[in-house]
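What follows is a set of notes on a single structure, which appears directly below.
Bear in mind these aren't lab numbers, they're just calculated from the coordinates by the rules spelled out. Source: prediction; values computed, not measured. Backbone-built Cβ (ideal geometry, glycine too); neighbour counts: all protein chains shown.
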Amino acid sequence: MSKGTIKVKFANGFGNNLFRYCFCRLLAEYHGLNYSHPSIPELGIKQQDYSFNKNLKTIKFKAKSNLEAKKFDKDHHKYFDRKMGNCNYDFSKFVFYFEDYKLYKPYLNKIRSWFPKVKSNNKSDLVLHLRLENRIVQETHYKNIIDSSVYEKIILDNFKFNKLYIVTDAYKWGHYSKKDILKLHKKYIGEGTSYVPIKKSIKYINNMVDVFEKFNPIIKHSEKLIDDFNFIRSFDHIMFKNSTFAWWASLLSDASKIAVFGPWKPNKGKRNKNLGETNFKGWFKWGEDDC
């Protein structure tokens, strides 16, 4: 009998799409199915197209929107059962997240073998990933902001290093003015969220710059996203807050010490993803007792 097929839909977000790509590839290999997916050109992953096997049952998800489709994310473990193999899987109608670290824990070496290797050649320094731009101006993201002093404490208490590198999406590192914040408002307009008061955004980012000044950080902001991704992967010590981009860069690294923000998105409470609980070898949680 010919194989079934898994189809998946990608959406915005490099890290988010890595969850989609990897989960469905794991499931496809587990059951010996064809895998139909979009491309991820930054990692050399080409688009694959397969049709559903009309002779097999197709597992579909009854939802009216991407938001409603999220409720199915909690069920994905059950598909790794041999009885669930003789069928098609249609993940292509809605956006699914597959953001559960437990799904990937048994397959870490397999997953790492799928991607180009980056040598861990920086053993003496620390890299911190800071996604800042929309998080300092959009209200929904600002709710998860933490005080800069927390970063300072965790760094000093847990890492020994020569230099601190900060990888950030911020187009500027330094004191911000009203003009700078308004530039960000314009950049993120139309994303369906209200803005933080301008003075509040300015106060936060300027305080952060002041706090980190004592480390004399080296700022990394590349035009190509993949350059920052692979730069993070080259470190032996990594720290990040809630970022699927940094989560995957850490997982695909050979780092011996990785600090992941435990609360992840505190404002979501029980609805939160469990990525902050990730307990792979060398990973530890930070921020739970400090925020």
With only helices counted (DSSP H, runs n ≥ 4, each -39500 (n - 2.57)), the per-residue ellipticity at 222 nm for the chain, to the nearest 500, works out to -9000 deg cm²/dmol
Scoring segment 5-113 by relative contact order with C-alpha pairs under 8 Å, at least six apart, yields a percentage of 35
Calc'd 3J(HN,Hα), segment 251-260, phi into Karplus 6.51 cos²θ - 1.76 cosθ + 1.60 (θ = phi - 60°), Hz, glycine/Pro = x, comes to 4, 8, 9, 10, 4, 8, 9, 10, 9, 10
Excluding residues fewer than 8 positions from residue 71 in its own chain, the aspartates and glutamates with Cα under 17 Å of it are 90, 99, 100
The chain, Gaussian network, Cα under 10 Å: of 38, 197, 217, the residue fluctuating most is 197
For segment 5-113 (alpha-carbon point model, no solvent) the Debye-based log₁₀ I(q)/I(0) at q = 0.21, 0.24 Å⁻¹ works out to -1.30, -1.70
Taking 55-66, 163-174 and ranking on average Cβ neighbours within 10 Å, highest first, one gets 163-174, 55-66
Non-local residues with an amide H under 5 Å from the amide H of residue 58, with H modelled 1.01 Å from N and Pro and chain starts lacking one, are 88
Output ordering of 177-188, 236-247 (per-residue mean of other Cβ within 10 Å, highest first) is 236-247, 177-188
If the chain between residue 199 and residue 113 were fully extended at 0.36 nm per residue, the gain over the current Cα-Cα distance would be 26.3 nm
Listed by chain and number, the aspartates and glutamates with an alpha carbon less than 19 angstrom from that of residue 119, same-chain partners under 8 positions apart left out, are 42, 227, 228, 236, 254
Length gained, residue 46-residue 207, 0.36 nm per residue minus C-alpha separation, equals 53.7 nm
With the convex hull built on the alpha-carbon atoms of the chain, volume per residue in Å³ sits at 137
In the chain the DSSP beta bridges are antiparallel at a rate, in percent to nearest 5, of 10
Rounded to the nearest 10, the angle in degrees between the Cα long axis of helix 178-187 and the longest principal axis of the Cα atoms of the chain comes to 10
Distance in Å, no decimals, from the C-alpha centre of segment 99-130 to the one of segment 211-285 is 10
The Rg/Rh figure for segment 83-205, Cα atoms and Kirkwood Rh, to two decimals is 1.07
Relative contact order of segment 122-286 (C-alpha contacts under 8 Å, at least 6 apart) in percent is 27
